[in-house]
1. Show that you can apply the helix-only estimate: for the chain, add -39,500 (n - 2.57) for every DSSP H stretch of four or more residues, divide by all residues, and state [θ] at 222 nm to the nearest 500.
2. Considering only protein heavy atoms and a probe of 1.4 Å, how much of the accessible area of the chain is carbon and sulfur, as a whole percent?
3. Might you work out the accessible area of TYR121 for me, using a 1.4 Å probe with all protein chains in place, and round it to the nearest 10 Å²?
4. Compute the long axis of helix 123-142 from its Cα atoms, compare it with the longest principal axis of the Cα atoms of the chain, and write down the angle in degrees, 0 to 90, nearest 10.
5. As I understand it, the value is the acute angle between the Cα axis of helix 10-32 and the longest principal axis of the Cα atoms of the chain; what does it come to in degrees, rounded to 10?
6. Taking the mean number of other Cβ atoms within 10 Å as a proxy for protection, how do you rank 31-42, 129-140, 54-65 from highest to lowest?
7. At what distance in nm do the modelled label points of CYS95 and ALA26 sit from each other, each positioned 7 Å from its Cα along Cα→Cβ?
8. Treat every Asp and Glu Cβ in the chain as -1 and every Lys and Arg Cβ as +1, leave all other atoms uncharged, and give the resulting dipole magnitude about the Cα centre to the nearest 20 debye.
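The values are calculated or read from the model by the stated rules, or taken from the named source; none is laboratory data. Just so it is clear, the model here is predicted, and its values are computed rather than measured. Every residue, glycine as well, gets a Cβ built from its backbone with ideal geometry; the counts of neighbours run over all protein chains shown. Surface areas here come from the heavy atoms of the whole protein model, side chains and all, with no ligands, DNA or RNA. Shrake-Rupley method; radii C 1.70, N 1.55, O 1.52, S 1.80 Å.
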Amino acid sequence: HRATSRPAQTRGRVASLYAMMGLATARVAAASGVSSPVVHFLAHLCVNLLWAPIFFGLQRLRLALLMNVALIASLSVLLGQYGIAAASPSALLLCPYMGWLLFATALNFAICRLNPTARGYNNARWQADLAKLQKRAASIAAA
């Protein structure tokens with residue numbers, strides 16, 4: 001049960017979500033300037049962008065799960081802020097992203113259950129490290 005790569009078919013859907021998030025934020029910024037909701041969104045986006053390298057790159061599954069929970073909480077606040085700052089259309093643009101976050105969190109949780117952690121080390125990280133060692137051994141043997 002490895003969590004080492006992002007399926008290619010999700011990239012287009014994710015790009016659409018980012019476009020909707022950008023449009024919602026642009027609407028809020030146009031209505032209220034660089035306001036608290038816009039700054040909140042930028043902080044939220046930073047955590048969002050860090051999630052993939054932590055989950056896929058470092059295989060820190062539980063840290064990624066905590067990040068997902070924080071993103072859901074943050075987005076819940078953003079939905080309220082966007083609804084107040086620029087009327088409901090901006091908040092509605094974020095609803096598909098909330099659905100995606102809930103789905104991703106459920107998957108992340110299931111992957112955590114399938115990859116038990118002992119002393120901060122899970123099966124996904126072990127397999128990734130093993131693959132690196134095998135690749136290194138093959139390059140040494142070939143030399």
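1. So the calculated ellipticity at 222 nm is -27500 deg cm²/dmol.
2. Result for the chain: 69 percent of the exposed heavy-atom area is carbon or sulfur.
3. Its heavy atoms expose roughly 80 Å² to the probe.
4. The two axes meet at around 50 degrees.
5. The helix 10-32 is inclined about 30 degrees to the chain.
6. Going from most to least packed, we get 54-65, 31-42, 129-140.
7. Simple spin-label model gives 2.2 nm for this pair.
8. Dipole size: approximately 580 debye.
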